[in-house]
Amino acid sequence: MATSANAASENPSAASSAPPGPSTHPELSEHPDVPALLPGTRRALLHRIATAQAEGRAPSLTAAVRREGRLVWSGARGTAAEGQGADPETQYRIGSITKPFTAVLVMRMRDEGLLDLADPLEKHLPGTGVGDISIFQLLGHTGGLAAETPGPWWERTPGDLRPELSDVLGDVRTDQSRPHEPGRMHHYSNPGYTLLGSLVEAVRGMPWAEAVRQEITEPLGMARTSAQPEAPYAEGWAVHPWADVLLEEPVVDLGLMAPAGQLWSTAGDLCLFGAFLAEGDERVLSADSVREMRASAAPLVTGDWGATYGLGVQVVQAGGRELVGHGGSLPGFVAGLWVSVADGVVAAALANATSGVAAGRLTAELVALVAEAEPRVPEVWRPLPEAEVDRELLELTGAWYWGTAGFGLRLLPGRGFSLEPLHGGAGRASRFRAGPDGTWIGLDGYYVGETLKVVRRPEDGAVSHLDLGSFVFTRSVYDAQAPVPGGVDERGWHGIG
């Protein structure tokens with residue numbers, strides 16, 4: 001882990017005679033519960049971003065890595081603005097990484113009972129002309145709306161050119177504004193997130209940017225994330241493809257399109273947000289709700305089986321690990337944020353160039369570099385506290401059979417359990433949590449959301465079988481004493497001849 005001195009040495013400016021000051025991020029300090037990154041790992045991270053900045057010809061690039069609840073590294077290269085070297089505390093525009101913030105606001109309203117994701121937009125935001133599209137479809141980009149707005153390129157022109165939702169959507173009676181049937185396919189839509197931002201304002205009764213501040217950035221401690229730039233911030237540049245010269249890009253307020261791409265942030269702040277997407281935070285959104293955001297909500301596209309989209313977040317397979325996050329770009333800026341939940345590693349990267357740096361790929365490489373060089377150390381195994389031992393649940397542990405397929409039921413902390421194929425065999429594995437009525441609810445895998453019931457014999461109260469969505473699991477293979485669907489041959493097990 002970089003101390004303040006190390007942070008300064010890892011952030012030299014390529015264009016200033018004096019290096020920037022040490023990082024002021026309060027988490028860049030030694031912490032007894034999170035081992036420091038090894039010097040070789042820190043050097044590899046610095047080398048990777050230095051290579052990306054040089055080969056991508058970006059005026060500046062900054063990045064950070066968070067591991068198991070602590071910012072463990074940050075680095076920067078180049079010139080963020082005239083006379084200002086890049087620093088981990090420098091703000092950059094994050095483009096479409098804004099979308100997960102908007103999605104979190106919608107999920108909060110759902111959890112408060114103010115709306116249902118299945119609700120048509122018209123129920124809460126009437127008069128748009130596309131009110132038949134559901135909130136769920138807008139979150140996952142399956143509403144069938146166009147990818148962009150009509151008229152001049154919205155990312156490079158001021159929002160006051162599009163003062164009304166009709167200016168953002170265009171003529172919704174045409175195929176240009178609604179090229180696909182809702183729910184049929186994933187088609188990324190920036191106007192769709194404008195509608196979600198307007199939905200937030202209609203239900204909350206406050207500006208979208210204020211809702212982001214009050215409900216997300218302040219509770220999570222993201223002091224350097226805002227809707228408008230706050231110094232120090234980077235200037236956005238276009239780099240000539242055939243010469244080392246720059247052209248300043250316009251930095252405009254996006255108006256109604258803000259919920260699709262307005263925010264400014266730092267690499268450290270984005271790592272905080274990435275950790276939230278992995279673990280949740282009861283002050284903002286529960287772990288169950290962020291897990292729901294990370295689940296695929298969009299049909300997979302043929303030929304792109306390694307990527308899908310959840311509720312406001314991208315989900316990809318890269319190098320054998322699942323990454324959740326989002327990429328972003330606006331003229332003059334590119335950004336990437338990825339988290340590997342399994343590895344407990346979050347990385348973010350930001351650059352002030354219109355193109356040249358593949359920020360998403362770079363960020364995925366930073367995650368992999370740390371995860372592979374310094375694998376996560378398993379938690380210490382400890383027996384359950386006596387207060388958490390449920391005797392009735394303990395009775396259910398061990399082998400169960402669905403047909404002839406063997407499954408093992410194992411207790412988990414918090415009165416949960418897992419049901420997994422025995423001996424690593426093929427089959428459907430899921431975790432379950434206790435429901436309010438003595439049943440169990442699937443958390444993941446094939447049985448997510450499905451109900452498991454423990455069925456007891458009326459004569460003696462002994463466990464007869466498990467009923468999992470009509471599948472009968474018995475203690476022995478085709479137990480003749482259990483109500484196996486189709487019955488059990490009265491001759492029992494026998495050979496041939």
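The values are calculated or read from the model by the stated rules, or taken from the named source; none is laboratory data. Fair warning: this is a prediction, and the values are worked out from it, not measured in the lab. Positions of Cβ are generated from backbone atoms using ideal geometry, with glycine treated the same way; all protein chains shown enter the neighbour counts.
Of all residues in the range 431-447, none satisfies being among the β-branched types (Val, Ile, Thr) and farther than 25 Å from residue 295 by Cα.
Being surrounded by fewer than 22 Cβ atoms within 10 Å (Cβ to Cβ) and either over 23 Å from the mean Cα position of the chain (by Cα) or modelled with pLDDT of 95 or more (or both): is that true of residue 182 here?
Working: surrounded by fewer than 22 Cβ atoms within 10 Å (Cβ to Cβ): yes; either over 23 Å from the mean Cα position of the chain (by Cα) or modelled with pLDDT of 95 or more (or both): yes.
Yes, satisfied.
Which ones in the range 204-231 are closer than 19 Å to residue 331 by Cα and either over 26 Å from the mean Cα position of the chain (by Cα) or at pLDDT below 95 (or both)? Those that are closer than 19 Å to residue 331 by Cα and either over 26 Å from the mean Cα position of the chain (by Cα) or at pLDDT below 95 (or both): none in the range 204-231. Annotation note: of 488, 463, 477, 455, the sole residue that is without any contact (Cβ under 8 Å) to a residue 40 or more places away in the chain, in contact with a strand residue (DSSP E or B) (Cβ under 8 Å, 6 or more places away or on another chain) and over 24 Å from residue 288 (Cα atoms) is 455.
Filtered by the rule that a residue be out of contact with any Lys or Arg (no Cβ under 9 Å at 6 or more places or on another chain), touching a residue at least 12 places away in the same chain (Cβ under 8 Å) and either farther than 21 Å from residue 283 by Cα or part of a loop (DSSP other than H, G, I, E, B) (or both), the range 191-221 gives 191, 192, 195, 198, 199, 202, 221. Evaluating residue 313 against the criteria (1) in contact with a His (Cβ under 9 Å, 6 or more places away or on another chain); (2) at pLDDT below 95; (3) not charged (D, E, K, R) leaves one unmet condition, (2). Pairs meeting the criteria (first residue in the range 34-51 and in contact (Cβ under 8 Å) with a residue 24 or more places away in the chain and under 14 Å from residue 77 (Cα atoms), second residue hydrophobic (A, V, I, L, M, F, W, C) and buried (at least 18 other Cβ atoms within 10 Å of the Cβ), beta carbons under 6 Å, at least 6 apart or on different chains) are 45/73; 49/61; 49/63.
Could you please give the count of residues in the range 82-101 that are modelled with pLDDT of 95 or more and farther than 16 Å from residue 283 by Cα?
Of all residues in the range 82-101, those modelled with pLDDT of 95 or more come to 90-101.
This time we only want the ones that are farther than 16 Å from residue 283 by Cα, so: 90-100.
Residues flagged as modelled with pLDDT of 95 or more and farther than 16 Å from residue 283 by Cα within the range 82-101 amount to 11.
In the set 155, 122, which member is in a helix (DSSP H, G or I) and either on the phi > 0 side of the Ramachandran plot or in contact with a strand residue (DSSP E or B) (Cβ under 6 Å, 6 or more places away or on another chain) (or both)?
Checking each option against the conditions leaves just 155.
One residue stands out in the range 373-407 among those that are assigned to a helix (DSSP H, G or I) and of a type in the set (A, V, I, L, M, F, W, C): the one that is surrounded by the fewest Cβ atoms within 10 Å (Cβ to Cβ), namely 387. Can you confirm whether the range 32-50 contains a residue that is closer than 15 Å to residue 374 by Cβ, in a strand (DSSP E or B), at pLDDT below 95 and in contact with an Asp or Glu (Cβ under 6 Å, 6 or more places away or on another chain)? Yes, there is a match, as at least one residue in the range 32-50 is closer than 15 Å to residue 374 by Cβ, in a strand (DSSP E or B), at pLDDT below 95 and in contact with an Asp or Glu (Cβ under 6 Å, 6 or more places away or on another chain).
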